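The values are calculated or read from the model by the stated rules, or taken from the named source; none is laboratory data. Source: prediction; values computed, not measured. Here the Cβ is made from the backbone with ideal geometry for all residues, glycine too, and neighbour counts use every protein chain on show. Ligands, DNA and RNA are excluded from the accessible area calculation, which covers all protein heavy atoms including side chains. Shrake-Rupley method; radii C 1.70, N 1.55, O 1.52, S 1.80 Å.
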Amino acid sequence: MNARTQNHDDGQQPSVYDLSWMDVKSEWGLRATPSKHGLTLNDINIGTYGVIPKDASKSLSFAPRGADFDPDDLPSMGYTVNTRAEAWADNLGKLYEEAVARQWSSTRDIPWRALSPLPSDMEHAMCQLCTFLTEVEFVAGEIPGSWLQRINTAYHETKLFMATQIMDEARHLEVFRKRALANGGGLGKCPKEIEESQRYIFEFDTFPRMLARVHLFGEGRILTLFRLGEMIAQNETEKTIFRLCAQDESRHVAFGCLQLRTLVEEDPDRIEDIQDALDVAEQRTLEVGSSTTLVEALMILAGGGEAYMAVGKEKLAYIRKKTVQEYLQRCRAIGIDRQPRCRLKEAEDINVI
Ligand SMILES: [Fe+2]
Ligand SMILES: [Fe+2]
(Lines give C-alpha, C1' and ligand atoms only; values in the text may rest on other atoms or scores of the structure.)
(Ligands and ions follow the chains in the order given, each with its own letter.)
Protein backbone atom coordinates (compact mmCIF):
# COMPACT_ATOMS: atom_id res chain seq x y z
CA MET A 1 0.00 0.00 0.00
CA ASN A 2 1.07 3.51 -0.66
CA ALA A 3 -0.50 4.95 2.44
CA ARG A 4 1.32 8.04 3.58
CA THR A 5 1.64 9.31 7.07
CA GLN A 6 0.72 12.91 7.46
CA ASN A 7 2.18 14.72 10.38
CA HIS A 8 0.34 17.55 11.96
CA ASP A 9 2.08 20.19 13.97
CA ASP A 10 -0.89 20.70 16.26
CA GLY A 11 0.46 18.21 18.73
CA GLN A 12 -2.18 15.59 17.95
CA GLN A 13 -1.55 12.07 16.72
CA PRO A 14 -0.37 11.85 13.10
CA SER A 15 -3.19 10.90 10.67
CA VAL A 16 -2.80 8.20 8.04
CA TYR A 17 -4.57 8.81 4.74
CA ASP A 18 -4.58 6.71 1.62
CA LEU A 19 -2.96 9.06 -0.85
CA SER A 20 -2.01 6.38 -3.32
CA TRP A 21 -4.05 8.19 -6.01
CA MET A 22 -1.24 10.73 -6.14
CA ASP A 23 1.07 8.10 -7.60
CA VAL A 24 -0.63 8.65 -10.90
CA LYS A 25 0.61 6.99 -14.05
CA SER A 26 -0.56 9.63 -16.46
CA GLU A 27 1.81 12.16 -17.92
CA TRP A 28 2.13 14.26 -14.80
CA GLY A 29 3.88 17.64 -14.92
CA LEU A 30 2.84 18.88 -18.35
CA ARG A 31 1.61 22.43 -18.75
CA ALA A 32 -0.69 23.32 -21.64
CA THR A 33 -0.16 26.81 -23.01
CA PRO A 34 -2.99 28.98 -24.34
CA SER A 35 -2.76 29.96 -27.99
CA LYS A 36 -4.05 33.06 -29.77
CA HIS A 37 -7.74 32.57 -28.88
CA GLY A 38 -7.32 31.15 -25.37
CA LEU A 39 -6.82 27.59 -24.16
CA THR A 40 -8.33 25.49 -26.93
CA LEU A 41 -9.10 21.81 -27.11
CA ASN A 42 -6.15 21.37 -29.46
CA ASP A 43 -3.84 23.25 -27.06
CA ILE A 44 -4.33 20.52 -24.46
CA ASN A 45 -3.46 17.74 -26.90
CA ILE A 46 0.08 17.66 -25.59
CA GLY A 47 2.34 14.72 -24.87
CA THR A 48 0.54 11.42 -24.68
CA TYR A 49 -2.79 13.20 -24.08
CA GLY A 50 -2.71 14.08 -27.74
CA VAL A 51 -2.01 10.56 -28.94
CA ILE A 52 -5.19 9.32 -30.61
CA PRO A 53 -5.42 5.53 -30.34
CA LYS A 54 -5.91 3.65 -33.57
CA ASP A 55 -8.07 1.11 -31.83
CA ALA A 56 -9.77 1.75 -28.49
CA SER A 57 -11.95 -1.34 -28.44
CA LYS A 58 -10.21 -2.77 -25.37
CA SER A 59 -11.21 0.24 -23.33
CA LEU A 60 -14.96 0.81 -23.16
CA SER A 61 -15.36 2.80 -19.95
CA PHE A 62 -16.03 6.51 -19.37
CA ALA A 63 -12.33 7.02 -18.59
CA PRO A 64 -10.90 9.99 -20.50
CA ARG A 65 -7.98 9.73 -22.92
CA GLY A 66 -4.67 9.88 -21.08
CA ALA A 67 -6.00 9.16 -17.56
CA ASP A 68 -4.50 6.46 -15.36
CA PHE A 69 -6.83 3.47 -15.46
CA ASP A 70 -6.94 -0.26 -15.98
CA PRO A 71 -9.44 -0.97 -18.76
CA ASP A 72 -10.02 -4.49 -17.46
CA ASP A 73 -11.00 -3.12 -14.09
CA LEU A 74 -13.67 -0.67 -15.28
CA PRO A 75 -17.20 -1.43 -16.45
CA SER A 76 -17.99 -1.45 -20.16
CA MET A 77 -20.26 1.31 -21.46
CA GLY A 78 -20.90 -0.70 -24.59
CA TYR A 79 -19.24 1.64 -27.07
CA THR A 80 -19.34 0.29 -30.60
CA VAL A 81 -17.48 3.02 -32.53
CA ASN A 82 -13.96 2.32 -31.34
CA THR A 83 -11.45 3.10 -34.07
CA ARG A 84 -9.70 6.28 -35.10
CA ALA A 85 -10.54 5.66 -38.74
CA GLU A 86 -14.25 5.57 -37.95
CA ALA A 87 -14.54 8.15 -35.22
CA TRP A 88 -11.94 10.88 -35.45
CA ALA A 89 -10.43 13.48 -37.77
CA ASP A 90 -7.64 16.00 -37.42
CA ASN A 91 -9.62 19.23 -37.36
CA LEU A 92 -12.52 18.27 -35.14
CA GLY A 93 -11.13 20.12 -32.12
CA LYS A 94 -10.98 23.31 -34.15
CA LEU A 95 -14.46 22.75 -35.52
CA TYR A 96 -15.74 22.32 -31.96
CA GLU A 97 -14.15 25.63 -30.91
CA GLU A 98 -15.81 27.32 -33.86
CA ALA A 99 -19.18 25.81 -32.95
CA VAL A 100 -18.91 27.07 -29.38
CA ALA A 101 -17.82 30.54 -30.49
CA ARG A 102 -20.58 30.94 -33.08
CA GLN A 103 -23.65 29.98 -31.09
CA TRP A 104 -26.50 32.41 -31.70
CA SER A 105 -29.90 32.95 -30.20
CA SER A 106 -33.11 32.59 -32.13
CA THR A 107 -34.69 34.88 -29.54
CA ARG A 108 -32.20 37.76 -29.69
CA ASP A 109 -30.26 37.55 -32.96
CA ILE A 110 -33.09 37.43 -35.49
CA PRO A 111 -34.64 40.79 -36.45
CA TRP A 112 -38.19 39.62 -35.73
CA ARG A 113 -39.52 43.17 -35.84
CA ALA A 114 -38.54 43.37 -39.53
CA LEU A 115 -41.39 40.97 -40.33
CA SER A 116 -44.39 42.52 -42.01
CA PRO A 117 -47.56 40.91 -43.36
CA LEU A 118 -47.10 38.95 -46.60
CA PRO A 119 -49.76 38.18 -49.21
CA SER A 120 -51.70 35.10 -48.14
CA ASP A 121 -50.12 32.74 -50.76
CA MET A 122 -46.61 33.79 -49.75
CA GLU A 123 -47.32 33.42 -46.03
CA HIS A 124 -48.83 29.98 -46.64
CA ALA A 125 -45.75 28.96 -48.65
CA MET A 126 -43.24 30.24 -46.08
CA CYS A 127 -45.13 28.57 -43.24
CA GLN A 128 -45.24 25.30 -45.18
CA LEU A 129 -41.48 25.46 -45.75
CA CYS A 130 -40.92 26.23 -42.07
CA THR A 131 -43.09 23.26 -41.07
CA PHE A 132 -40.98 20.98 -43.28
CA LEU A 133 -37.75 22.41 -41.88
CA THR A 134 -38.96 21.98 -38.31
CA GLU A 135 -39.66 18.31 -39.07
CA VAL A 136 -36.27 17.61 -40.58
CA GLU A 137 -34.42 19.50 -37.86
CA PHE A 138 -35.88 17.05 -35.33
CA VAL A 139 -34.27 14.24 -37.34
CA ALA A 140 -31.02 16.17 -37.74
CA GLY A 141 -30.66 16.39 -33.95
CA GLU A 142 -31.98 13.01 -32.94
CA ILE A 143 -29.76 10.94 -35.21
CA PRO A 144 -26.43 12.35 -33.96
CA GLY A 145 -27.96 12.06 -30.47
CA SER A 146 -28.56 8.35 -30.97
CA TRP A 147 -24.92 7.84 -32.08
CA LEU A 148 -23.26 9.99 -29.42
CA GLN A 149 -23.53 7.27 -26.78
CA ARG A 150 -21.86 4.71 -29.06
CA ILE A 151 -18.60 6.61 -29.62
CA ASN A 152 -15.60 5.75 -27.50
CA THR A 153 -14.40 8.45 -25.07
CA ALA A 154 -10.90 8.19 -26.60
CA TYR A 155 -12.35 10.32 -29.40
CA HIS A 156 -13.80 13.06 -27.22
CA GLU A 157 -13.42 15.75 -29.90
CA THR A 158 -16.00 13.87 -31.98
CA LYS A 159 -18.40 13.53 -29.07
CA LEU A 160 -18.07 17.19 -28.11
CA PHE A 161 -18.67 18.38 -31.66
CA MET A 162 -21.77 16.20 -31.92
CA ALA A 163 -23.11 17.76 -28.73
CA THR A 164 -22.85 21.19 -30.40
CA GLN A 165 -24.59 19.85 -33.48
CA ILE A 166 -27.51 18.65 -31.37
CA MET A 167 -27.77 22.14 -29.85
CA ASP A 168 -27.57 23.74 -33.31
CA GLU A 169 -30.39 21.56 -34.63
CA ALA A 170 -32.49 22.39 -31.57
CA ARG A 171 -32.05 26.08 -32.36
CA HIS A 172 -32.91 25.49 -36.02
CA LEU A 173 -36.20 23.80 -35.28
CA GLU A 174 -36.89 26.54 -32.75
CA VAL A 175 -36.26 29.34 -35.26
CA PHE A 176 -38.37 27.78 -38.02
CA ARG A 177 -41.22 27.13 -35.64
CA LYS A 178 -40.99 30.71 -34.45
CA ARG A 179 -41.08 32.01 -38.03
CA ALA A 180 -44.21 29.98 -38.77
CA LEU A 181 -45.98 31.50 -35.80
CA ALA A 182 -44.66 35.06 -36.01
CA ASN A 183 -46.38 36.59 -39.02
CA GLY A 184 -50.05 35.72 -38.98
CA GLY A 185 -49.72 32.23 -40.52
CA GLY A 186 -49.01 29.07 -38.55
CA LEU A 187 -47.82 25.52 -39.00
CA GLY A 188 -48.71 23.77 -42.25
CA LYS A 189 -49.13 20.17 -43.32
CA CYS A 190 -46.84 17.18 -42.63
CA PRO A 191 -47.11 14.93 -45.71
CA LYS A 192 -46.48 11.24 -45.31
CA GLU A 193 -43.74 11.16 -47.98
CA ILE A 194 -41.61 13.59 -45.99
CA GLU A 195 -41.78 11.37 -42.94
CA GLU A 196 -41.08 8.25 -45.04
CA SER A 197 -38.06 9.91 -46.60
CA GLN A 198 -36.49 10.47 -43.18
CA ARG A 199 -37.50 7.47 -41.10
CA TYR A 200 -35.17 4.92 -42.74
CA ILE A 201 -32.10 6.99 -41.75
CA PHE A 202 -32.33 5.51 -38.27
CA GLU A 203 -31.63 2.10 -39.82
CA PHE A 204 -28.03 2.82 -40.94
CA ASP A 205 -25.95 0.38 -38.99
CA THR A 206 -22.49 1.98 -38.93
CA PHE A 207 -21.32 5.46 -38.01
CA PRO A 208 -19.69 6.18 -41.42
CA ARG A 209 -22.85 5.10 -43.25
CA MET A 210 -24.89 7.43 -41.08
CA LEU A 211 -22.42 10.26 -41.74
CA ALA A 212 -22.64 9.63 -45.47
CA ARG A 213 -26.43 9.77 -45.41
CA VAL A 214 -27.02 12.53 -42.89
CA HIS A 215 -24.01 14.85 -43.05
CA LEU A 216 -22.66 14.48 -46.55
CA PHE A 217 -25.91 13.85 -48.41
CA GLY A 218 -28.79 15.28 -46.38
CA GLU A 219 -27.22 18.25 -44.64
CA GLY A 220 -25.28 19.04 -47.79
CA ARG A 221 -28.57 19.41 -49.65
CA ILE A 222 -30.09 21.57 -46.93
CA LEU A 223 -26.91 23.69 -46.89
CA THR A 224 -27.23 24.45 -50.59
CA LEU A 225 -30.87 25.44 -50.03
CA PHE A 226 -29.98 27.72 -47.10
CA ARG A 227 -27.12 29.31 -49.01
CA LEU A 228 -29.54 30.14 -51.78
CA GLY A 229 -31.96 31.41 -49.14
CA GLU A 230 -31.88 34.88 -50.73
CA MET A 231 -33.95 33.35 -53.55
CA ILE A 232 -36.76 32.32 -51.22
CA ALA A 233 -36.50 34.77 -48.31
CA GLN A 234 -38.95 37.67 -48.45
CA ASN A 235 -37.44 39.98 -45.86
CA GLU A 236 -34.45 40.60 -43.57
CA THR A 237 -35.87 38.32 -40.91
CA GLU A 238 -35.89 35.30 -43.22
CA LYS A 239 -32.55 36.19 -44.81
CA THR A 240 -30.95 36.30 -41.36
CA ILE A 241 -32.51 32.95 -40.43
CA PHE A 242 -31.17 31.24 -43.56
CA ARG A 243 -27.74 32.87 -43.24
CA LEU A 244 -27.26 31.83 -39.62
CA CYS A 245 -28.58 28.31 -40.22
CA ALA A 246 -26.29 27.94 -43.27
CA GLN A 247 -23.33 28.91 -41.09
CA ASP A 248 -24.17 26.06 -38.70
CA GLU A 249 -24.95 23.56 -41.45
CA SER A 250 -21.64 24.19 -43.14
CA ARG A 251 -19.92 23.04 -39.91
CA HIS A 252 -22.07 19.92 -39.77
CA VAL A 253 -21.25 19.07 -43.37
CA ALA A 254 -17.55 19.76 -42.68
CA PHE A 255 -17.68 17.41 -39.68
CA GLY A 256 -19.09 14.54 -41.74
CA CYS A 257 -16.73 15.16 -44.65
CA LEU A 258 -13.61 15.40 -42.47
CA GLN A 259 -14.55 12.19 -40.74
CA LEU A 260 -15.32 10.32 -43.95
CA ARG A 261 -12.12 11.59 -45.58
CA THR A 262 -10.12 10.24 -42.64
CA LEU A 263 -11.84 6.88 -43.02
CA VAL A 264 -11.14 6.78 -46.77
CA GLU A 265 -7.47 7.65 -46.15
CA GLU A 266 -6.96 5.19 -43.31
CA ASP A 267 -9.10 2.36 -44.64
CA PRO A 268 -9.78 2.61 -48.40
CA ASP A 269 -11.60 -0.72 -48.25
CA ARG A 270 -14.50 1.18 -46.68
CA ILE A 271 -15.11 3.30 -49.79
CA GLU A 272 -17.61 0.80 -51.12
CA ASP A 273 -19.50 0.95 -47.85
CA ILE A 274 -19.86 4.72 -48.21
CA GLN A 275 -20.79 4.43 -51.87
CA ASP A 276 -23.45 1.91 -50.95
CA ALA A 277 -24.93 4.20 -48.28
CA LEU A 278 -25.08 6.98 -50.88
CA ASP A 279 -26.75 4.58 -53.35
CA VAL A 280 -29.45 3.97 -50.76
CA ALA A 281 -29.81 7.69 -49.99
CA GLU A 282 -30.15 8.65 -53.66
CA GLN A 283 -32.50 5.78 -54.44
CA ARG A 284 -34.78 6.63 -51.54
CA THR A 285 -34.79 10.27 -52.59
CA LEU A 286 -35.81 9.29 -56.11
CA GLU A 287 -38.48 6.87 -54.91
CA VAL A 288 -40.08 9.25 -52.48
CA GLY A 289 -39.30 12.23 -54.66
CA SER A 290 -40.06 15.58 -53.20
CA SER A 291 -43.39 16.26 -51.69
CA THR A 292 -45.71 18.22 -54.00
CA THR A 293 -46.64 20.28 -50.97
CA LEU A 294 -43.05 21.35 -50.47
CA VAL A 295 -42.19 21.81 -54.14
CA GLU A 296 -45.23 24.03 -54.73
CA ALA A 297 -44.46 26.10 -51.64
CA LEU A 298 -40.91 26.63 -52.87
CA MET A 299 -42.15 27.57 -56.35
CA ILE A 300 -44.39 30.24 -54.87
CA LEU A 301 -41.59 31.64 -52.72
CA ALA A 302 -38.95 31.59 -55.45
CA GLY A 303 -41.33 32.96 -58.09
CA GLY A 304 -42.87 35.66 -55.91
CA GLY A 305 -46.45 34.39 -55.71
CA GLU A 306 -48.97 31.85 -56.91
CA ALA A 307 -49.22 33.64 -60.28
CA TYR A 308 -45.47 33.24 -60.87
CA MET A 309 -44.95 29.56 -60.10
CA ALA A 310 -43.48 28.92 -63.55
CA VAL A 311 -40.74 31.44 -62.77
CA GLY A 312 -40.28 29.75 -59.43
CA LYS A 313 -39.96 26.38 -61.14
CA GLU A 314 -37.05 27.71 -63.23
CA LYS A 315 -35.30 28.96 -60.12
CA LEU A 316 -35.89 25.64 -58.38
CA ALA A 317 -34.31 23.84 -61.33
CA TYR A 318 -31.22 25.98 -60.78
CA ILE A 319 -31.22 25.18 -57.03
CA ARG A 320 -31.57 21.48 -57.82
CA LYS A 321 -28.70 21.51 -60.30
CA LYS A 322 -26.51 23.35 -57.84
CA THR A 323 -27.45 20.85 -55.10
CA VAL A 324 -26.26 17.89 -57.18
CA GLN A 325 -23.08 19.71 -58.29
CA GLU A 326 -22.11 20.59 -54.73
CA TYR A 327 -22.89 17.07 -53.54
CA LEU A 328 -20.59 15.57 -56.18
CA GLN A 329 -17.87 18.07 -55.22
CA ARG A 330 -18.12 17.03 -51.59
CA CYS A 331 -17.79 13.38 -52.58
CA ARG A 332 -14.64 14.25 -54.54
CA ALA A 333 -13.28 16.17 -51.54
CA ILE A 334 -13.48 13.09 -49.33
CA GLY A 335 -11.79 10.95 -51.98
CA ILE A 336 -14.79 9.32 -53.63
CA ASP A 337 -15.69 9.54 -57.30
CA ARG A 338 -19.45 9.60 -57.21
CA GLN A 339 -19.99 11.04 -60.69
CA PRO A 340 -20.36 7.74 -62.61
CA ARG A 341 -22.63 6.25 -59.96
CA CYS A 342 -24.83 9.20 -59.05
CA ARG A 343 -28.49 8.46 -59.77
CA LEU A 344 -29.77 11.95 -59.23
CA LYS A 345 -28.53 13.05 -62.65
CA GLU A 346 -31.08 10.70 -64.21
CA ALA A 347 -33.85 12.68 -62.61
CA GLU A 348 -33.42 15.93 -64.53
CA ASP A 349 -37.18 16.18 -65.12
CA ILE A 350 -38.29 15.00 -61.74
CA ASN A 351 -39.21 17.51 -59.12
CA VAL A 352 -36.59 16.24 -56.75
CA ILE A 353 -34.85 18.90 -54.76
FE1 LIG B 1 -30.16 22.06 -39.04
FE1 LIG C 1 -27.28 20.18 -39.46
Classified through the alpha carbon gyration tensor (a ≥ b ≥ c as square roots of its eigenvalues; rounded if a/c is under 1.5, else prolate when a/b is larger than b/c, else oblate), region 166-207 comes out oblate
Using alpha carbon centers only, region 136-152 is separated from region 66-128 by a whole-angstrom value of 10
Taking a probe of 1.4 Å and leaving out DNA, RNA and ligands, the chain shows per residue an accessible area in Å² of 50
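Given Cα pairs under 8 Å that are at least 6 residues apart, what percent is the relative contact order of the chain?
17
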Total charge of the residues flanking Ala182 in space, meaning their Cβ is under 14 Å from its Cβ, with Lys and Arg +1 and Asp and Glu -1, is 0
Excluding ligands, DNA and RNA, the carbon-plus-sulfur percentage of the accessible area of the chain with a 1.4 Å probe reads 52
For Glu27, the accessible surface traced by a 1.4 Å probe with all protein chains present amounts, in square angstrom to the nearest 10, to 60
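List, in the order given, every pair from Lys178/Lys322; Lys36/Lys94; Lys25/Lys58; Lys189/Lys345; Lys94/Lys239 whose Cα-Cα distance in the structure shown is over 21 Å.
Those over the limit are Lys178/Lys322; Lys189/Lys345; Lys94/Lys239.
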Under the rule rounded for a/c under 1.5, else prolate if a/b exceeds b/c, else oblate, using alpha carbon gyration tensor axes a ≥ b ≥ c, region 201-257 is classed as prolate
Under Stokes-Einstein, the chain at 25 °C and 0.890 mPa s, with its Kirkwood radius over C-alpha pairs, diffuses with a coefficient in µm²/s of 108
Note on region 216-273: contact order normalised by length, alpha-carbon pairs under 8 Å, 6 or more apart, percent, works out to 36
With only helices counted (DSSP H, runs n ≥ 4, each -39500 (n - 2.57)), the per-residue ellipticity at 222 nm for the chain, to the nearest 500, works out to -16500 deg cm²/dmol
With the 8 Å Cα cutoff and a minimum separation of six or more residues, region 186-332 has a relative contact order in percent of 31
